[in-house]
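Beneath this line is the structure, given in structure tokens, with notes to follow.
The values are calculated or read from the model by the stated rules, or taken from the named source; none is laboratory data. Note that the structure is predicted; figures quoted are calculated from it, not measured. Glycine also receives a Cβ, built like all others from the backbone with ideal geometry; neighbour counts cover every protein chain displayed. Accessible surface is based on the protein model in full, side chains and every heavy atom, while ligands, DNA and RNA are left aside. Shrake-Rupley method; radii C 1.70, N 1.55, O 1.52, S 1.80 Å.
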Amino acid sequence: QTKSVPTPSVASSGQYYLIFATNVDSSQPETSDANNSLSLPINIEATGPDVQVITASAPATASIGSLLNVSWTVKNTGTQSAGVVDWWDGIWLSKDANYDEDDDIYLGQRSVGFAPLAPNASYTLSESINLRESIDAGQYYLIFYADYRQEQPETNDNNNTIFLPIAIYGSGPDLLIT
């Protein structure tokens with residue numbers, strides 16, 4: 001017998017198994033139930049929106065107390081429009097290239113307001129961030145995080161960040177002996 005069945009909605013793309021079974025309620029007496037099922041591997045692609053930061057720009061250096069001008073572009077690389085709700089993009093300063101809300105320095109957020117965002121559509125935002133005096137000088141990463149509150153349902157929440165290295169210098173004079 002041949003039958004068409006809809007592809008199930010899955011949270012992430014990958015290999016799944018299609019299971020065929022007969023006599024599942026054991027209503028037909030038989031000598032063995034051990035051969036009543038067959039599993040076949042199938043690949044299923046997740047469908048839905050997927051917002052990703054695809055580019056970001058910022059200066060390579062900045063001084064404490066100055067304004068840091070940054071911009072970033074987010075694209076919906078998914079198969080459906082993003083926009084059940086508007087979402088927020090956030091920016092952090094981190095000592096490593098890993099987002100961790102417990103030890104990264106929050107710099108700001110922007111409400112996106114581009115809902116619905118069609119598949120393959122994108123938006124670019126810019127922000128001027130005051131590098132407050134409480135930030136220590138040193139080597140950091142700027143983290144740009146699309147939909148950081150995870151308000152937008154999407155097929156992959158693990159690809160929403162991009163990292164840029166930046167050196168933060170003190171705000172005072174730097175004397176050099178020559």
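Per-residue answers, yes or no, for (1) in contact (Cβ under 8 Å) with a residue 40 or more places away in the chain; (2) assigned to a loop (DSSP other than H, G, I, E, B):
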| residue | (1), (2) |
| --- | --- |
| ASP100 | no, yes |
| ASP103 | no, yes |
| ARG110 | no, no |
| TYR123 | yes, no |
Exercise. Just give me the residues in region 81-97 being under 21 Å from ASP50 (Cβ atoms) and part of a loop (DSSP other than H, G, I, E, B), in sequence order.
Key: SER81, GLY83, VAL84, VAL85, ASP86, TRP87
Exercise. Go over the candidates SER94, SER57, SER27 one by one and state the one that is among the polar types (S, T, N, Q), at pLDDT 90 or above and out of contact with any Asp or Glu (no Cβ under 8 Å at 6 or more places or on another chain).
Key: SER57
Practice problem: Go through the residues of region 95-110 one by one and say whether even a single one is surrounded by fewer than 19 Cβ atoms within 10 Å (Cβ to Cβ) and hydrophobic (A, V, I, L, M, F, W, C). | Solution: yes
Quiz item: Can you find even one residue in region 149-158 that is open to solvent by 70 Å² or more (accessible area, probe 1.4 Å), out of contact with any Ser or Thr (no Cβ under 9 Å at 6 or more places or on another chain) and at positive phi?
Solution: yes
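From the set of residues in region 111-144 that are under 26 Å from LYS95 (Cα atoms) and of a type in the set (S, T, N, Q), which is surrounded by the fewest Cβ atoms within 10 Å (Cβ to Cβ)?
Applying the filter and picking the extreme gives SER134.
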Quiz item: Scanning region 1-24 for residues that are surrounded by 12 or more Cβ atoms within 10 Å (Cβ to Cβ) and modelled with pLDDT under 80, which turns out farthest from ALA146 (Cα to Cα)?
Solution: ASN23
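Answer yes or no: is there a residue in region 22-43 that is more than 30 Å from ILE135 (Cα to Cα), part of a loop (DSSP other than H, G, I, E, B) and touching a residue at least 24 places away in the same chain (Cβ under 8 Å).
Among the residues of region 22-43, not one is more than 30 Å from ILE135 (Cα to Cα), part of a loop (DSSP other than H, G, I, E, B) and touching a residue at least 24 places away in the same chain (Cβ under 8 Å), which makes the answer no.
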Exercise. For residues that are surrounded by 20 or more Cβ atoms within 10 Å (Cβ to Cβ), over 13 Å from the mean Cα position of the chain (by Cα) and assigned to a loop (DSSP other than H, G, I, E, B), tally how many sit in region 53-80.
Key: 0
Quiz prompt | Long-range neighbours under 9 Å by Cβ, at least six apart or interchain, first residue closer than 28 Å to SER134 by Cα within region 58-80, second among the aromatic types (Phe, Trp, Tyr) and open to solvent by 10 Å² or more (accessible area, probe 1.4 Å) | solution = THR61/TYR169; ALA62/TYR169; SER63/TYR169; ILE64/TYR169
Self-check item: GLY78, sole failed condition from (1) in contact with a Gly (Cβ under 8 Å, 6 or more places away or on another chain); (2) at pLDDT below 85
Solution: (2)
Quiz item: Within the bounds of region 86-95, is there any residue that is closer than 18 Å to LEU164 by Cβ, of a type in the set (A, V, I, L, M) and in contact with a Gly (Cβ under 6 Å, 6 or more places away or on another chain)?
Solution: yes
